[in-house]
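Undergrad: The structure follows.
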Amino acid sequence: MERVYALARAKVNLVLDVTGKYADGYHSIETVMQSVDLSDELVFTATGYNGDCGGTGYRCDYGGANCRGGCDGWRDVGAGWPDGAGIEVVCDDPKVPSDSSNLVVRAAMRLKELALAGGSRADGRPGGVRIEIHKRIPVAAGLAGGSADAAATLIALNALWGLGLSRDELLRVGASVGADVPFCMIGGTCIARGRGDEVVPLAGMPEVIFILLTSDVGLSTREIYQTYDACELEGWTCGEYPTRGEENPNGLSRRGTGRPLSSGRVADMVTAVKDGELRAIGRFLYNALEPVATNKMPAIRQARQILAEAGALGVTMSGSGPAVFGIFDPRDLVLTDGEARQGQEGAGGKDTSTVSAGPNPGEAWGKGPGTGGLAAGGLVAA
C-alpha cells in the first residue's frame, strides 16, 4: 500500500458547558458534539526517509530492503530531518502551518514514536509520508478542523504503515494529541466530558440540516477561555448573552459568582436527541463561551439574527467560535448558501447535514479528492 485517502469531518457543539478547571490550566467541560458532512480531504503518500548510521546518512524507499541492514534504520527514521521525522505536510490553505504546530504532524509523530517503541503488533513499520490537506473546514472557527485532520491521520497511517493498532490504542494516541481528536475518530453524536476526551457515543441525530456561518477572522481558543475565567473571578456571569453596561468593562452582565458542576443541559439535549424531537434539540442548544466570543466579535450576534430570521429551530455558536450554526428541518429549509453569504459581510455560509461515523477504514469514498459521493468518514487505499 503506497497511498491512502481519508476524510476529516467537522463537528459542532450542540451543548457546551464549562464545569471547572484543572491545575494545569486546562478546563473541564461537558458537551454534546455532532459530526457533520463538511470535510477536509487528506491524501497520504508513502515516501523514503533519511536514516543516520554513525554520521553516514542514506535515503531508502518506503519498505526497501536496505532499511533493514547495516543498522536499525527503522529506529533512526527521520534522523537529520529538521521537523517531523520524515513527515511532510502541505495544504492548499496558507493559514495552515506545515510544522509541528500542526496537529497532523503531532499525530503522525506520536504514532511513529509508538510504533518504533514496539507498540504495534503487526509486521508493518512506519516510514516517511507526504500528507496533502485539501482544506474545506474553516480554520480557527470552533469546528475542530485541526483535530479532525489529526484523527484522520492516525487512522490513515495505521493502515498505510500496516501497524495493526486497535481502535482503543489509536484513541489513546489521539487523546495525547488533542482533546477533540478522540471524538473526531469516533464521530456521530457523542457526549464528551473532562478535557473533552472522555467520549460516550449516543444514538444518532434525526435527519437535520445545519447551516453554518463563520468569519474569515478566527478566534483564539486560549483567549476565549482566559476571558471566561476573568469573568468568573470578577463575578460576571458568562452563561447569558452579554449586555453592555458602564460598570462592566468587559460588556457582560453581572449575575452572581461561580459555575455549576453540571447544569442539566446535556441531559436535556440527550433526551431530545434520543426522542428525535428537532424543536426540542433547537430549544436546548447552548454554548457557555458564546457571550465572551460575541463581545470580541459582534458579528456573531448578526449571524445569529440571520439564521433565526431564516427560520432556524435553534441557533448557537460551535466550540470557542466564531462559527455559528442553525438547525433546520429539511422540509422547512428556507436559507440557501448564497443568501447566507449575502447576509453577513466577510462571512462564509455552508449548509451541511449530520453524519454517523468518524473516519473508519474500509469505507471507500472515491479515487481521490473532489470525486464526490463521499461516504461518511471513508478511507481508501490506492
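Undergrad: Looking for whichever is assigned by TED's automatic domain parsing to the domain that holds Glu223, at pLDDT below 90 and within 20 Å of Leu38 (Cα to Cα) here; the options are Ala303, Ala347. Which one fits?
TA: Working: Ala303 fails: at pLDDT below 90.
Only one candidate qualifies: Ala347.
Undergrad: Restricting attention to segment 4-32, report how many residues are surrounded by fewer than 16 Cβ atoms within 10 Å (Cβ to Cβ) and assigned to a strand (DSSP E or B). If you could, list the steps in order and put the result at the bottom.
TA: Start the filter on segment 4-32 by keeping residues that are surrounded by fewer than 16 Cβ atoms within 10 Å (Cβ to Cβ), which leaves 20-26.
Keeping just the survivors that are assigned to a strand (DSSP E or B) gives 20-21.
Qualifying residue count for the region: 2.
Undergrad: Confirm whether Val90 is farther than 30 Å from Ala192 by Cβ and at pLDDT 95 or above. Break it down into steps so the answer makes sense when it comes.
TA: Details: farther than 30 Å from Ala192 by Cβ: yes; at pLDDT 95 or above: yes.
Yes.
Undergrad: Those residues that are under 21 Å from the mean Cα position of the chain (by Cα) and surrounded by 19 or more Cβ atoms within 10 Å (Cβ to Cβ), I need them from segment 113-133; list them, please.
TA: Ile131, Ile133
Undergrad: Quick check: is even one residue across segment 42-51 within 14 Å of His134 (Cβ to Cβ), surrounded by 23 or more Cβ atoms within 10 Å (Cβ to Cβ) and modelled with pLDDT under 95?
TA: Narrowing segment 42-51 to residues within 14 Å of His134 (Cβ to Cβ): 42-45.
Remaining after also requiring surrounded by 23 or more Cβ atoms within 10 Å (Cβ to Cβ): 42, 44.
Remaining after also requiring modelled with pLDDT under 95: none.
No, there is no match, as no residue in segment 42-51 is within 14 Å of His134 (Cβ to Cβ), surrounded by 23 or more Cβ atoms within 10 Å (Cβ to Cβ) and modelled with pLDDT under 95.
Undergrad: Gln226 passes all but one of (1) among the polar types (S, T, N, Q); (2) buried (at least 19 other Cβ atoms within 10 Å of the Cβ); (3) outside any strand (DSSP E or B); which number fails?
TA: Exception for Gln226: condition (2).
The rows are residues; the columns are (1) of a type in the set (Ser, Thr, Tyr); (2) within 26 Å of Met269 (Cα to Cα); (3) in a loop (DSSP other than H, G, I, E, B); (4) touching a helix residue (DSSP H, G or I) at 6+ places or on another chain (Cβ under 7 Å).
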| residue | (1), (2), (3), (4) |
| --- | --- |
| Val139 | no, no, yes, yes |
| Ala159 | no, no, no, no |
| Leu163 | no, no, yes, yes |
| Ala175 | no, yes, no, yes |
| Cys184 | no, yes, no, yes |
| Ile191 | no, yes, no, yes |
| Pro206 | no, yes, yes, yes |
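The values are calculated or read from the model by the stated rules, or taken from the named source; none is laboratory data. Keep in mind that what you see is a predicted model, and the values were worked out from it rather than measured. Heads up, the Cβs are rebuilt from the backbone with ideal geometry, glycines too, and the neighbour counts pull from every protein chain shown.
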